[in-house]
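See structure below.
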Amino acid sequence: MAIVNYRNLRDVSIDIIVACLSESFADYFVQMPSDPEFWRVRFKNARVDQELSWGAFDQDKLVAFIINGIDIQDQVLTAFNTGTGVLPAYRGKQVVDKMYSYGMSELKKKGVKRCSLEVIDKNDRAIRVYERIGFQLNHKLHCYKGSLSVTKEVVIQEVLHKEVIESESNQNYSWDNTNETIAIAGDTYQTYKVFLKDQTKSIGYFIINPLNGYIAQLESKNHQWDYIFSGICQISKEIKINNIKDDRDQLLSYIEKIKLTNTINQIEMEMDIYEN
């Protein structure tokens, strides 16, 4: 059993990638979708560049992969690892190290200055691999779901997403919840400003997928979270929020107060790369 080559995924179909992904994640902490259409949408929203994503091949069989989204994050051109998978038979052979080693020069040629990723905090094996490669902890990310019963009187108004974007609004959000992702997702999300009753100035906003209650962004002036979540209640009482950064103390305290369930936690890791 020998991996004969590493190359980019430019000419590899989504069906082949998903087949490898499904087998790689069969024993994972959470169940991963196996529908190629789900991953087409996810890869599009994550700004995936298959030419800057890599695979390990045993002859012509894809046995491992790293899928990279490429975009500006915090004013730095970044390669975000939106998925790494290794078939069970090929683990323990430093395949992930070798894929990063293979692809690093191509990232640098394209002007990428940083690599980033997210990993479930209980996945000690993967964390050790990424630390060995050179990644370091940036943030801890918290994920929640549950039912809302807050009942403050508020008025919500649907607006265009661009009406709530502020120059530094991306700093609170991980890759899949940034303004760029929401813009690409189009009609998937709806954006609402929240107003106190009889007031004309909004106290914050939230962005939600009304079909499943997923909250992509939420902000509140003066941390008036009771009112923001009361607004969310008008659209969906069952909600899910992923990847709240650990420095959003007051939001996290409020979520604990209303007893949403902490489903998993992730670690956001980064590695700066530079052309020699």
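The values are calculated or read from the model by the stated rules, or taken from the named source; none is laboratory data. The model shown is predicted, which means the values in this text are computed figures rather than measured ones. Every residue, glycine among them, receives a Cβ derived from its backbone with ideal geometry; neighbour counts consider all protein chains shown.
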Return a yes/no flag: does region 211-229 have any residue that is crowded, with 18+ Cβ neighbours inside 10 Å, assigned by TED's automatic domain parsing to the domain that holds Glu166 and in a loop (DSSP other than H, G, I, E, B).
-> yes
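Among the residues of region 42-75 satisfying the criterion of being within 17 Å of Asp272 (Cα to Cα) and out of contact with any Cys (no Cβ under 9 Å at 6 or more places or on another chain), which is surrounded by the most Cβ atoms within 10 Å (Cβ to Cβ)?
Gly69
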Pairing a residue in region 26-53 that is in the same structural domain as Glu106 (by TED's automatic domain parsing) with any residue that is among the acidic types (Asp, Glu) and surrounded by 14 or more Cβ atoms within 10 Å (Cβ to Cβ), where Cβ atoms lie under 7 Å and the two sit 6 or more apart in sequence or on different chains, gives Ala46/Asp176; Arg47/Asp71; Arg47/Glu180; Leu52/Glu106
Given (1) touching a strand residue (DSSP E or B) at 6+ places or on another chain (Cβ under 7 Å); (2) exposed (fewer than 12 other Cβ atoms within 10 Å of the Cβ), Glu37 misses just (1)
Given region 25-95, what strands (runs of 3 or more DSSP E) lie entirely inside it while holding 2 or more residues that are touching a Lys or Arg at 6+ places or on another chain (Cβ under 6 Å)?
-> 61-73, 76-86
Is there a residue being assigned by TED's automatic domain parsing to the domain that holds Asp249, of a type in the set (Gly, Ala, Ser) and under 17 Å from the mean Cα position of the chain (by Cα) anywhere in region 167-178?
-> yes
